[in-house]
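The values are calculated or read from the model by the stated rules, or taken from the named source; none is laboratory data. Since the model is a prediction, treat every value here as computed from it, not as a measurement. Cβ placement follows ideal geometry from the backbone for every residue including glycine, while neighbour counts extend to all protein chains displayed.
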Amino acid sequence: MAVAGGIRIVDLAKELKLTSQALIASLHDLGVEAKGANSVIDLETANTVRGLMEAAPAKQKIVEVSADATLKDLAEAMQVQPNAAVKKMMDLGKLIAPHQRLSRADADQLASAYGYTVAIKAEPKPVAAAHHKHKAPGGALQSRPPVVTIMGHVDHGKTSLLDAIRKANVVAGEFGGITQHIGAYQVEVEHNNEKHKITFLDTPGHAAFTEMRARGASVTDIVILVVAADDGIMPQTVEAINHARAAEVPIIVAINKMDKPDARPDRIKQQLTEHLLVVEEYGGDVIAVPVSAKTQEGIPDLLEYILLVADINEFKADPHGHATGAVIEAKIVPGKGPVATILVQSGVLRVGDNVVAGLAYGKVRAMINERGERLQKAGPATPVEVSGLNLAPAAGDIAEVAKNEKEARQLAEKRQEKARNSRLSGQVKRLTLADIARQAQDGVAKDLSLIVKADVQGSVEAILGQLNQITEENTDEEVNISVKLSGVGNITESDISLAVATGSIVIGFNVRADAATMRAAERDGVDVRHYNIIYDLTEDVVRAIKGLMEPIYEEIVLGRAEVRQRFQTPKGIVIAGSYINDGMFRRGAEVRVTRGKDLLHTGRLDTLRRIKDDAREVQQGYECGIVIADWTDVQVGDVLECFEMRQVER
Ligand code: GDP
C-alpha cells in the first residue's frame, strides 16, 4: 500500500521477507522507533534498512529452536541469560516469563533483537495413521486463507459483526444471499488488487472454541476480540483473551459500536493495556480497529488487517493428497441424515472419499458450501457441509480420508471401542436424563447427546424436528442437544455400545429393546427411555434441560390394621397392639392413623414386634405391636395404614 512520503512497516517487511516484528526490532537497533506494523517510516530510513539487509544475509546468524520453544530455550540457544532476554522483551513492550512458550512472532522479535534469525527445527508431526499413509510425498506447502474466530463478551456484537462481514466487502455480485448456516463461511476480499479469501467460524462461543482445542483441533489462526466501545473489558472479554493466548493465536481487537454516541474507544485501549494487549498508540503491536457492525464502518479495514496479519504469519497448508480437517459442527438433519461441517485443513476433500470423523465414518455423498452450492472438491481452509456419514461426529473431532470404506469403518470402530472402554472404566462419566437436569440446576452448561430409534422414518423425522425446535426455543438454557444417531428399528446392543462411546441417552419411540439389550444397558449404565407419545418425549427433554426433572414420588399403600389393645411401658412408650387386616406392615415405613373420619397423625413406624421379637415385616392375618415415632395418643379402634413413598419413572 503506497503511503505519501513513506512506507508502512508491514509493506517493507514483506518486501524484505521479514516479519513486521523483526523489522521493528531492527529499526529499534538503528535508533528508529516504529510503533507497529501499520506505522509509516520515511523513505530514507527504508532505504537504509534495505541497504543493510542486502549486505546482511551473509552475516545473518541463525538460531534453531523447536516450534514450542520457551523464552528460556531461545535465550539459551542464543547464549543469552534468560533474565536478560525477559528484560529485552520488556523493552520491546512484552511481558513474557522464562518458562512461557513463545509465539513465532515473539521469537522472531527477540531473536532479531540479538541479531539472530529463528529457524524452527523440523519435528515429525504426529498424524493419524490413515492420513499418514496417503500424504503425497514431498507435498509443497502453499499459502491458504486464514481462519478467523470472533470472540468477546456477550452483547458486544459477535453475531452482528459476523453478519456485517458476511454482507460487506465481498466481491460484488458473486455472493448472493447466503442461505445456509453451516457453522463457517468464506468471504472474498480485494487487497493489493488481488482477491483473497478469509474463512470465518460462525460459532461464537468460548466454550466451543476451548472444547475444540481440548479435542485436539486447532482450527483458528486469528482471534478477533470484540469489545463494545460504549462498554469496556468485561469478564468474558478477559476469558476470550485467555483462550486466545492459550491457543497462541494472534489477536486483532475490533472496537465495536463506534456509531454509538457514548463510544469511548480510548478508554477501551487503556483497559486493553492492563491485559497486556498494548495497541499501537501506546507503543505496542496490537491492532485495534474501530468498527460498527450496525453502519458497517470500519469493516473493510478490519478485513484488511486480517489479511495483513495473515501475510505476516504466512499460514500455509499442503493442498495435495488426501484431506484432513476438523469438524466444526455436526447434526442430524431430517431428510438428509447426519451432516458435518468439516474445515479442510490440508489436502483436498472430494465427493466419494471415504472419511473417518471422530467416531463416524462414511463415503462423502455430497458437499455444499454456505451458499448451498454443491462442490466436488474442497481445499485447505474451505468449510464444507458433508453428508454421507453414518452418525453425527462431535465438534472438534478430527476428520480424515481413509484408503477405502473398510479402512474407514475399521478406524471408526477402533475409536468407538476406545471411547467405550474409557467411559466404562469411569474416566468419562455416563449421564442419565436426570443427571442432565441436575447439571441444569447447578447452572453447568449441558450437552445432551441422544440416540433416537423409532418405528418408522416419519416418527424419526418428527422427533428430530421437535428436538431442533427445543434447541431454538431454549437458546438461553446453554444446552446443546446433539443427536448422534437416528434410525428406524428396535434398540439393539450396538446402539447401547454407541451410547456408551458417545455418552448418549437412548430414546426409543414405539420400539422395543430385547432382554439382552436391556441387560447390556443396565450393565453399562446407559439410560434407555421408551415413549409412545412424542409430547411425552419432548416434555422430558425440556424438563431435563431446564433442570426440572426432580423425581416424582408416589405413595404405595402397604397394608391396613386395626388397633385392638393399647400398652404403655414403664418408660412411657406406647405400643398399639394391632391386627393386620390386609397387606403388611414394615418397620421404617410411614403410618397414617385415622379415628372414624379423622386423620389424626402421620409418622414413622418405629418398632414392629411379633410376640416378643422385633420384626422387619408382619403380614396380613397376624397380630403385632406397633410403636409410632413421637406419638402416644393411640386408642383401641384406631385404623392404621402403612405406606411408603417410592420414586417412580416419569
Ligand atoms: P453477541 O452477544 O456478542 O453476539 O452480540 P450481538 O451481535 O447479538 O449484539 C448485541 C446487541 O448489540 C444487539 O442488540 C445488536 O443489535 C447490538 N449491536 C451490535 N453491534 C452494534 C453496533 O455496531 N452498533 C450498535 N448501535 N449496536 C450494535
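Key figures
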item	result
Exclusive hit being modelled with pLDDT under 85 and over 30 Å from His181 (Cα atoms), set Arg564, Arg523	Arg523
Subset of the stretch 272-294 that is of a type in the set (Gly, Ala, Ser) and within 14 Å of the ligand (Cβ to nearest atom) - its residue that is surrounded by the most Cβ atoms within 10 Å (Cβ to Cβ)	Ala293
Residues being within 14 Å of the ligand (Cβ to nearest atom) and modelled with pLDDT of 90 or more - total across the stretch 238-252	0
Filtered residues of the stretch 554-577 (kept if of a type in the set (D, E, K, R) and closer than 16 Å to Ile611 by Cβ)	Arg564
The stretch 142-168: number of residues that are over 25 Å from Pro319 (Cα atoms) and either in a strand (DSSP E or B) or charged (D, E, K, R) (or both)	8
Qualifying residue in the stretch 215-226 (condition: away from the ligand (no atom under 15 Å from the Cβ), under 30 Å from Ser482 (Cβ atoms), in contact with a His (Cβ under 9 Å, 6 or more places away or on another chain) and at pLDDT below 85)	no
Near pairs, Cβ below 6 angstrom, 6+ apart or cross-chain, from the stretch 32-49 (more than 21 Å from Leu307 (Cβ to Cβ) and in contact (Cβ under 8 Å) with a residue 40 or more places away in the chain) to any residue that is aliphatic (A, V, I, L, M) and crowded, with 18+ Cβ neighbours inside 10 Å	Ala46/Ile7; Ala46/Leu12
Checklist (1) without any contact (Cβ under 8 Å) to a residue 24 or more places away in the chain; (2) within 14 Å of the ligand (Cβ to nearest atom); (3) buried (at least 19 other Cβ atoms within 10 Å of the Cβ) applied to Lys269, failing item	(2)
Residue that is farthest from Ile150 (Cα to Cα) [pool: residues in the stretch 277-291 that are modelled with pLDDT of 85 or more and assigned to a loop (DSSP other than H, G, I, E, B)]	Val278
One residue from Ile628, Ile611 being closer than 18 Å to Phe567 by Cβ, among the aliphatic types (A, V, I, L, M) and either surrounded by fewer than 16 Cβ atoms within 10 Å (Cβ to Cβ) or modelled with pLDDT under 90 (or both)	Ile611
Test: residue in the stretch 121-130 that is among the acidic types (Asp, Glu), within 16 Å of the ligand (Cβ to nearest atom) and either modelled with pLDDT of 80 or more or more than 23 Å from the chain's Cα centre (by Cα) (or both)	no
Failed condition for Lys336, given (1) under 27 Å from Lys260 (Cβ atoms); (2) surrounded by fewer than 19 Cβ atoms within 10 Å (Cβ to Cβ)	(1)
Selection status of Ile233, part of a helix (DSSP H, G or I) and buried (at least 16 other Cβ atoms within 10 Å of the Cβ)	no
Hits in the stretch 505-517 - residues which are surrounded by 16 or more Cβ atoms within 10 Å (Cβ to Cβ) and modelled with pLDDT of 90 or more	Ile505, Val506, Ile507, Gly508, Phe509, Val511, Thr517
Matching entry among Gly588, Gly621, Gly583 (being part of a loop (DSSP other than H, G, I, E, B) and within 19 Å of Glu554 (Cα to Cα))	Gly588
Residues located in the stretch 319-357, provided they are β-branched (Val, Ile, Thr) and within 23 Å of the chain's Cα centre (by Cα)	Thr324, Val327, Ile328, Ile332, Val333, Val339, Thr341, Ile342, Val344, Val355, Val356
Candidates Glu297, Glu304 - the one that is surrounded by fewer than 21 Cβ atoms within 10 Å (Cβ to Cβ) and assigned to a helix (DSSP H, G or I)	Glu304
Members of the stretch 457-492 that are surrounded by fewer than 16 Cβ atoms within 10 Å (Cβ to Cβ) and under 26 Å from Asp524 (Cα atoms)	Val488, Gly489, Asn490
Residue count for the stretch 591-602, restricted to those that are buried (at least 19 other Cβ atoms within 10 Å of the Cβ) and charged (D, E, K, R)	0
Residue tally, condition surrounded by fewer than 22 Cβ atoms within 10 Å (Cβ to Cβ) and small (Gly, Ala, Ser), over the stretch 307-325	2
